[in-house]
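Note sheet for the following structure.
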Amino acid sequence: MVIGVPKETAGGETRVAQTPETVAKLKKQGFDVIVECGAGANSYFPDDAYEQAGASLGTADQALGADFVTKVAAPTIAELVKMKNGAGLISFLRPLDDLETIRELAAKGITAYAMELVPRSTKAQKMDALSAMASIAGYKAVLLAAEVLPRFFPLLTTAAGTIKPASVLVLGAGVAGLQALATARRLGAVTSAYDVRAAAAEEAKSLGAKFIELDLDTTDAAASGGYAAALSSDRAERQVQLLAGHISKMDVVITTALIPGRKAPLLISEEAVKGMIPGSVIVDIAAPNGGNCALTVPGETVIRHGVTIIGSMNLPAGMPFHASQLYARTVLAGVGELVKDGAFRLDLEDEIIKGCCITHNGQVVHDRVKSLL
């Protein structure tokens, strides 16, 4: 089986699906690997490093025409045309949001695996690309905030007086949120966290953060896979109102609340932004799904009521070397699970395959995606 590694063409995407490290491991497992020339350039992996690892260099058509294509972003229609009927694909696909691409994959007979739907289980942990990228997003969000904030993060004692530390609030204490808390703490900020899931409190506190508890019933707020469940409309509205008082005291707010396949829940109203200190910063990690802040503009950095609101769409792409390393390792693990003896393994009773296989043999085989279609 030949594995293809095309250069990513999505705007702003700097990552690559295979690194020289994972190519060498694929070769040892008996795969041939063809890498498009320049595929790793934006991640600082040169072509000669791939050749030394055993890959062949080729064109985009050759990489996309492989038996099993490994990508970061979902293929465009132009890329799909170049893929072989019946080929395999492993990539982020946004299958709960981009149904048109899923239809095209099925029509092409592609066996497609969505990395964002890999189950969050012990067995599938090595394939959990979503958590790996979320950790990078949380780290990068804090660095962006520190760069934009017109104040210091740490406590400083100087001859001119003492500078108090910045106050950082993280909304959503999942993987991205916990990494954001840890990073802000390392930079010297005083950190606070909020999450509707009661189990998140201990994790946030273990990182030195104060956990904010609201007068709100959240007993059914934890969904499967470790995600938060959507609150009812009246509780969601009350949550926004109660959070506003805490947000007004913060120098930095980082929002991470996201439920796959849904618009990001509103956590910060325009009134809450108005109440913030001028010069404060909001980094909205949920911007790709609309954002947790009412004033977020996905893909842009805007200033509203004296507050800088960063709506970056792809924070992991801002750290392409390590983001590619981590992503490629999850893809490598995925190939090991999904391909056996040179053929695609389609045991839909297997928890991993059932969770992330979207299309096969001209059909959409994932239950939730089928229901959306």
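Numbers for the structure displayed
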item: Residue among 57, 99, 80, 93 that is within 24 Å of the chain's Cα centre (by Cα) and either farther than 26 Å from residue 348 by Cα or buried (at least 21 other Cβ atoms within 10 Å of the Cβ) (or both); result: 93
item: Number of positions in region 22-54 that are within 22 Å of the chain's Cα centre (by Cα) and of a type outside the set (Ser, Thr, Tyr); result: 5
item: For residue 329: the one exception among (1) surrounded by 14 or more Cβ atoms within 10 Å (Cβ to Cβ); (2) assigned by TED's automatic domain parsing to the domain that holds residue 282; result: (2)
item: Residue match in region 33-51 (condition: more than 21 Å from residue 327 (Cα to Cα), among the β-branched types (Val, Ile, Thr) and modelled with pLDDT of 95 or more); result: no
item: Filter result (in a helix (DSSP H, G or I) and surrounded by 14 or more Cβ atoms within 10 Å (Cβ to Cβ)) within region 42-54; result: 42, 43, 47, 49, 50, 51
item: Any chance residue 183 is without any contact (Cβ under 8 Å) to a residue 60 or more places away in the chain, in the same structural domain as residue 267 (by TED's automatic domain parsing), among the β-branched types (Val, Ile, Thr) and in a strand (DSSP E or B); result: no
item: Test: residue 225 is at pLDDT below 95, in a helix (DSSP H, G or I) and over 24 Å from residue 143 (Cβ atoms); result: yes
item: Qualifying residue in region 66-83 (condition: without any contact (Cβ under 8 Å) to a residue 24 or more places away in the chain, within 23 Å of residue 337 (Cβ to Cβ), assigned by TED's automatic domain parsing to the domain that holds residue 33 and part of a loop (DSSP other than H, G, I, E, B)); result: no
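The values are calculated or read from the model by the stated rules, or taken from the named source; none is laboratory data. Note that the structure is predicted; figures quoted are calculated from it, not measured. Quick reminder, even Gly has a Cβ in these numbers, built from the backbone with ideal geometry, and neighbours come from all protein chains shown.
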